[in-house]
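No lab work stands behind these numbers, since they all come straight from the coordinates. Here the structure is a predicted model, which means the values were calculated and not measured. Note: ideal-geometry Cβ built from the backbone for every residue, glycine included; neighbour counts use all protein chains shown.
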Amino acid sequence: MAESDDLLRILVQLNARLAFPEATVRHIVGNSPRQAQAYNLCDGTMTQSEVAKRAGLDQGNFSRTMNRWIRSGILFRLGTGREAKLLHLYPLPKMRARRTSKSR
């Protein structure tokens, strides 16, 4: 990848974090670990079918999910047809387990 491509990707991610904070993106992506994995796989290098296969998702369900993400503005389709690649705004870090406080 060319240096200018890397710089453009950085600018997109920085601006995206301003427009879509992590909590908002997580809400749109959903609570499913597989959906979060699929979203993170959309790094501009894979097609829709490749992402669905790697994430272990049904093609039809992922197609609907992907279209919802595109309409919401957190995912972009680069190119056309079956060879179009999917690009997220920025990857989501793994969720940390919530700590529960124990009463004494």
Inset, instruction - Tell me which label goes with the value of Cα extents along the principal axes in Å computed from the coordinates here: [x] 60, 37, 19; [y] 47, 24, 23; [z] 59, 33, 23. - result: [z]
Inset, instruction - Work through the residues other than Ile70 whose Cβ is under 12 Å from its Cβ and net out their charges, Lys, Arg +1 and Asp, Glu -1. - result: +4
Inset, instruction - Measure off 7 Å from each Cα along the Cα-to-Cβ vector at Arg77 and Arg26, then give the distance between these two points in nanometres to one decimal. - result: 2.9 nm
Legend entry - Neighbour-count ranking [beta-carbon atoms within 10 angstrom, fewest first] of Met66, Met95: Met95, Met66
Inset, instruction - Using Cα pairs closer than 8 Å and at least 6 residues apart in sequence, work out the relative contact order for the chain, in percent. - result: 30 percent
Inset, instruction - Starting from the Cα gyration tensor of the range 5-58, take the square roots of the eigenvalues, sort them a ≥ b ≥ c, and report rounded, prolate or oblate (rounded when a/c is under 1.5, otherwise prolate if a/b is larger than b/c, else oblate). - result: oblate
Legend entry - Where trypsin sites (Lys or Arg not before Pro) fall in DSSP loop in the range 28-73, at most 12 other Cβ within 10 Å: none
Inset, instruction - Can you put Thr24, Thr80 in order of Cβ neighbours within 10 angstrom, beginning with the fewest? - result: Thr80, Thr24
Legend entry - Amide proton proximity set for Leu86, modelled H, under 5 Å, gap of 5+: Gly44, Thr45, Met46, Leu78
